[in-house]
Amino acid sequence: MASTDIEHALFVQLTSTSSATAVITQQGKRLYLDVADSTGARPYTVYQLISDPHDSLFYGVENSGRARVQFVSYSTSRFKARTVSRAVRTNINHYQGSMDGLTVYSCKCGYPAVRRDPEAIVYAARFDALIEYAGG
């Protein structure tokens with residue numbers, strides 16, 4: 001069944017494409033929408049929709065939008081957090097085409113910035129993506 005929202009389309013894209021799947025889902029690595037499973041093994045990636053203003057006239061197509069999505073990859077190692085984040089970014093940056101039923105016109109990603117959370121003793125690699133799409 002085709003996606004009706006950008007969050008689901010991204011999940012399908014990132015878990016069904018071999019380059020990202022190898023890094024995200026092997027050896028207990030996971031991908032979550034909004035909130036991670038508290039028992040999840042690291043590294044894992046959480047993504048969330050920050051904003052998605054819909055414009056029925058954007059690209060002259062109904063149900064079009066410009067979604068801003070934030071991705072955060074967590075690990076106990078700076079290197080692993082950055083590696084997972086880069087794999088996610090590589091998979092969607094500059095993407096154009098069909099993404100599980102949605103037409104993606106443009107996907108532009110920032111570069112991951114890694115920060116350490118001293119209380120949780122975890123590294124977080126963050127980047128934002130701006131995705132222009134239609135459909136759903």
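Placing dummy labels 7 Å off each Cα toward the beta-carbon, the span from Asp117 to Asp52 is 2.4 nm. Whole-Hz Karplus values for region 102-108 come out as 8, 8, 9, 8, 7, 9, 10 Hz, taken residue by residue from phi with 6.51 cos²θ - 1.76 cosθ + 1.60 and θ = phi - 60°; glycine and proline positions read x.
Between Thr90 and Leu130, the contour length at 0.36 nm per residue exceeds the Cα-Cα span by 13.0 nm.
Read the figures in this text as sums done on the coordinates, not as results from a lab. What you are looking at is a predicted structure, and each value in this text was computed from that prediction instead of being measured. Reconstructed Cβ throughout: ideal geometry from the backbone, glycine too, with neighbour counts over all protein chains shown.
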